[in-house]
1. Looking at LEU270, LEU241, can you tell me which residue is within 16 Å of the ligand (Cβ to nearest atom) and not in a helix (DSSP H, G or I)?
2. Quick check: anything in region 149-159 under 17 Å from the mean Cα position of the chain (by Cα) and either of a type in the set (Val, Ile, Thr) or closer than 24 Å to ALA269 by Cβ (or both)?
3. Looking at (1) within 16 Å of the ligand (Cβ to nearest atom); (2) in a loop (DSSP other than H, G, I, E, B), find the lone condition where ALA193 falls short.
4. Give the residues of region 51-68 that are farther than 17 Å from THR154 by Cβ and either within 15 Å of the ligand (Cβ to nearest atom) or among the polar types (S, T, N, Q) (or both), sorted by residue number.
5. Could you go through region 83-95 and let me know if any residue there is over 24 Å from the mean Cα position of the chain (by Cα) and either away from the ligand (no atom under 16 Å from the Cβ) or surrounded by fewer than 14 Cβ atoms within 10 Å (Cβ to Cβ) (or both).
6. Determine if region 15-32 includes at least one residue that is surrounded by fewer than 17 Cβ atoms within 10 Å (Cβ to Cβ) and farther than 22 Å from MET160 by Cα.
7. Which one of these does ASP16 not meet: (1) more than 30 Å from SER124 (Cβ to Cβ); (2) in the same structural domain as MET118 (by TED's automatic domain parsing)?
8. For region 222-259, give me the residue count where each residue is surrounded by fewer than 14 Cβ atoms within 10 Å (Cβ to Cβ) and among the hydroxyl-bearing types (Ser, Thr, Tyr).
Amino acid sequence: MTANDPSPHHLQLTRDGQLRHFLTLDGLSRDLLTDILDTADSFIEVGERTIKKVPLLRGRTVVNLFFESSTRTRSTFELAAKRLSADVLNLDISTSATSKGESLSDTLLNLEAMASDMFVVRHSQSGAPHFIAESVTPGVAIINAGDGRHAHPTQAMLDMLTIRQHKGGFEGLKVAIVGDVLHSRVARSQIRALNVLGVAEVRVIAPGTLLPKDVESLGCTVHYDMAEGMKDLDVVIMLRLQNERMEGALLPSEREFYRLYGLNRDKLALAHPDCIVMHPGPINRGVEIESAVADGPQSVILNQVTNGIAIRMAVMSMAMVGSLPNASAPRLREDRYESFSSRQRRKPQDCWRAPAG
Ligand code: NCD
C-alpha cells in the first residue's frame, strides 16, 4: 500500500475511503489529509464566534481515555467535542478501576455498555489505540491522541494546518525537526504528513543518540550539525527532550544539548528570515528553545494550540460520519452539516449501533 493509495480494507478507513477511526497517518492519501485540513479551516470560524458550538455531535458521547498525562491535547480534544455539542466524559485513569487491576478490555467493555460513541485514547504503549479499534463494537470510533513512540496523528495535522496558514501551502518548503526524534511519536507523524503533502525537503537535526535506526527510511535527511541543518529553512519544529521515555544516559548534559541543538536567536538567523518556529509543547525554555525565540515574532507555538481545536473537531466529525453503517455517506466537505443531520433524522436509532456492512 502506498501513501496515496489507501487500501479500502485498512482498519481506519471505510470501503469507500472515509475515515472511521483515526489511528495513524500511514496509508492516508494526500486528498484525505487535505480534506481534514479544509474541514478544520471551516471550524476555525466557529472558535471565533460568541457561541462556539455546532450541533454535529449532539447526543453523542465522547470518552477521553488518557492513560498518560496531557494538558494541551486532552483539553483541546475536550473543547473540540464540546464545540461539536457532544457529551464528554474525561476518565481519570489514576482514580479509575484500571488502577485497581481491571484490564483495558474490561474498562472498555464497561464504557461501551454506557453507549459511548467515541474513545479518544492516549497510551504509553505503541499500538494501544489499534488494539482497541480492532475489538470495539462497530460504530464506535477510536481517535489516537498519542501512543508510545508510534504516532500522534492529530498533533501532526494541527502542525500541517499551522504551516499551511503561514506558508500558503507545502510545495517547495524545507522543514526541519530538531531534537529528540528517537522518543517522539510527534516527529514520526510529522515526517509522514510532510511527505504525503509534498514538501521539498524534510530534515531531522539531532545527535546520533537521539535518532531512531534507519531514520532516513521514514522520508528525511539527517543533519548532526545544527548550523548546517538550519540553512534555507522555511519551518523549524523543535521537540522536547522526552526524559520519561529515555533509558540510560543518551546525552552528556542538558546544558551541552542546548549549546549544540537548542534554538536561540543566532541559530534561527541562519534560516530564512520568514522561517516559522514550531513546538508541540510542553516547551522547556533554556533546554531546547530560548525564551526570546519561543515568544518571538517567528514563533507560531500558540497558533498550533488554537489550531488543535479545529483539527480535532474535523477528525471527530469525519470519523463519526465514517462510522455510520452505510459506508457510502456523502463526502463531508461538500455538504457537511446537511448530510450529517439529515442522516440522523432519517434513522436515529440505527445510526450508531448497527454493525458496519
Ligand atoms: C507531545 C506528546 O505528548 O507526544 N505533546 C503533545 O501532545 N502536545 C510531545 C511531548 O510530550 O513532548
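1. Residue meeting the stated conditions: LEU241.
2. Within region 149-159, one or more residues are under 17 Å from the mean Cα position of the chain (by Cα) and either of a type in the set (Val, Ile, Thr) or closer than 24 Å to ALA269 by Cβ (or both).
3. If we test ALA193 against (1) within 16 Å of the ligand (Cβ to nearest atom); (2) in a loop (DSSP other than H, G, I, E, B), just (2) comes out false.
4. THR61
5. Scanning region 83-95, I find at least one residue that is over 24 Å from the mean Cα position of the chain (by Cα) and either away from the ligand (no atom under 16 Å from the Cβ) or surrounded by fewer than 14 Cβ atoms within 10 Å (Cβ to Cβ) (or both), so the answer is yes.
6. For region 15-32, residues surrounded by fewer than 17 Cβ atoms within 10 Å (Cβ to Cβ) and farther than 22 Å from MET160 by Cα: present.
7. Among (1) more than 30 Å from SER124 (Cβ to Cβ); (2) in the same structural domain as MET118 (by TED's automatic domain parsing), the lone unmet condition for ASP16 is (2).
8. The number of residues fulfilling the criteria is 1.
The values are calculated or read from the model by the stated rules, or taken from the named source; none is laboratory data. The shown structure was predicted, so the numbers you read here are calculated from the model rather than taken from an experiment. With ideal geometry, Cβ positions are generated from the backbone for all residues, glycine too; neighbour counts draw on all protein chains shown.
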